[in-house]
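One structure is given below, encoded as structure tokens.
The values are calculated or read from the model by the stated rules, or taken from the named source; none is laboratory data. Since the model is a prediction, treat every value here as computed from it, not as a measurement. Cβ: placed from backbone, ideal geometry, glycine included. Neighbour counts: every protein chain shown. For accessibility, only protein heavy atoms count, side chains too; no ligands or nucleic acids. Shrake-Rupley method; radii C 1.70, N 1.55, O 1.52, S 1.80 Å.
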Amino acid sequence: MQQQGSVFVLACDEGARDLASALRTFHWAAHAFDSLAALLDSLQAQVVDVLVLQGASSDTAEQIAWLRRAAPAAALVWQVRGATSAGRIAALEAGADVCAQAGMEIQEWDALLRSLCRRGRRGGSAWRVDAQAGALAGPAGQLLPLTPTECAFFVQLLNAPGHRLRREELLPAEARGAAEGAARRVDVLVSRLRGKACRLDIEFPVLAVRGWGYMLRPDGERQGSPGATARPDCPDA
């Protein structure tokens with residue numbers, strides 16, 4: 001059976017591992033995390049379809065807001081036992097799409113995730129990173145070979161479709177260094193990618209945003225710079 005999608009589960013106990021393990025039996029690419037930092041780090045290398053936060057803490061709304069900022073296109077589910085109406089409202093206001101009850105059967109989880117994925121990623125692109133092939137795959141069968149750093153560049157863009165990203169955000173953390181140097185390295189990387197795409201007769205799916213950085217070209221957009229927005233964690237330029 002074909003893999004259904006990518007799910008990141010965050011919890012401070014064994015619940016994340018249990019849910020991720022169960023979801024894998026339903027052909028979800030599910031990964032468990034016991035810290036927000038570890039999850040955010042993995043978002044540097046992988047496009048995610050659904051984020052799941054389990055349990056409640058004093059900073060639940062803040063965690064949800066961080067997750068929403070990090071992956072604006074992904075569906076976000078908060079699962080907790082006995083949440084109050086005020087708690088659910090706060091979670092939804094912070095960026096959650098669904099507040100799920102504790103104790104859900106895995107079949108219900110599978111149905112919920114399939115429902116969320118059918119609605120599509122927010123402004124999601126038809127392009128995708130094929131990590132196994134080391135390539136960017138396009139909606140018309142295009143295949144652009146990528147290095148690991150180039151893969152990381154596209155993962156960042158694909159996790160935030162419709163949002164312009166600063167140059168220094170578009171490199172793996174270990175490759176950034178000083179902001180000025182990182183910006184220059186990204187420009188060189190984009191120039192190399194653009195040339196590679198041109199040689200393969202592939203329309204390059206990235207737009208430069210003057211004075212800012214880069215963003216994915218909206219599907220169907222062929223020229224000019226669209227009305228992009230900054231990712232929520234970035235002030236306007």
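Worth pointing out:
- Counting only Cβ charges, +1 for Lys and Arg and -1 for Asp and Glu, the dipole size of the range 1-158 around its Cα centre is about 480 debye.
- Nearest-0.05 FRET efficiency for ARG199 and ARG119, computed from C-beta distance (R0 41 Å): 0.65
- The range 1-159 - percent of accessible surface contributed by carbon and sulfur, probe 1.4 Å: 51
- Area of PHE26 that stays accessible when all protein chains are in place (1.4 Å probe, Å², to 10): 60
- Taking amide H atoms as placed 1.01 Å from N in the peptide plane, the amide H of VAL206 lies under 5 Å from those of ARG217, each 5 or more residues away in sequence or on another chain.
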